[in-house]
Amino acid sequence: MKDKKRREFVKQMIGLGVLGLAAAGTVWGGKELLQREESPLRPPGAMPEHQFLALCIKCGQCLQVCPYDAIMLEDVNGKAGLGTAYIDPDKRGCYLCRALPCILACPSGALKHEDADDVRKTHMGVAVIANESACLALNNKPVPKSERDLIFEHTKVLTPAERREKKVFDIPNPSEKRTLQVELLKKVESYVGKQCTICADLCPYPEQSLAIGMVKKGNGYIPEIRSKCVGCGACVELCPTDVLKIIPRKTYDEVYGKKA
């Protein structure tokens, strides 16, 4: 009788083990990974999501050459596909570097090399106003000194420890990277105590006014997202009050509709 019970117990454990493996396969390699409802914001030149996941070899070359430390690799707790490259604009947006070194560094084709010759060709998503009432310009409020720490947090140059935490490694010209980030820091800091037009003024698109601009609304002003917005996320990072968000992969026409 004891032997029979022992055999039944072993069968049950084996069955549970098989079910567990099947479930794990679904989580790590099945449709849930390839067909998420929301795509993460990918670096410039990213192929369509299902192709990107198939092509990205998780080498980290793109993030190593990013001058602004914008690109990160997803960890086991994230939703962007373990080890794949993504951008979190709440932490650091993309600044559309000339020649887009992240694309040139990609060895697998997950980032399309034909997009590297002109930042206007890249498309990451589109910005939207998610919290209009918080806009400083709409409320005629200058960028307050109390926002200084937040601005520094958004634009600071990463320390070696922070770079390790974000899985951002050294690049061939670290001094050049530091210079670019310090320049950005100084630009943003210069708005403290003044009317906030940071999102429009510091948009990295070559023709800024075609991507975003400030328009009159009531007694103040509000950012207006325009048709050339590529969804780089710089405006999201730099906004002192979290007015803007990026919808990854979507086009301007899909979100705002075609203009007559």
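Bear in mind that the values in this text are calculations on the coordinates, not laboratory data. Model, not experiment: these values are computed from the prediction. Cβ atoms come from the backbone with ideal geometry, glycine included; neighbour counts cover every protein chain shown.
A simple spin-label model places pseudo-atoms 7 Å from Cα toward Cβ; at Glu114 and Asp242 they are separated by 4.0 nm. Under 5 Å from the amide H of Ile212 lie the amide H atoms of Arg226, each residue being 5 or more positions distant or on a separate chain, with H modelled from the backbone and absent for Pro and chain starts. Among the listed pairs Lys177/Lys216; Lys216/Lys250; Lys121/Lys145, a Cα-Cα separation exceeding 31 Å is found for Lys177/Lys216; Lys121/Lys145.
Between the C-alpha center of region 86-107 and that of region 181-222 there is a gap of 20 Å. Using equal-weight Cα scatterers in the Debye expression, the normalised intensity of region 41-148 in log10 at q = 0.12, 0.21 Å⁻¹ is -0.48, -1.06. For a paramagnetic label modelled on Ala54 (point 7 Å from Cα along Cα→Cβ), amide N atoms under 16 Å away belong, within region 101-121, to 108-112. Here the peptides 192-199, 85-92 are ranked by packing, the mean other Cβ count within 10 Å, and the order with the highest first is 85-92, 192-199.
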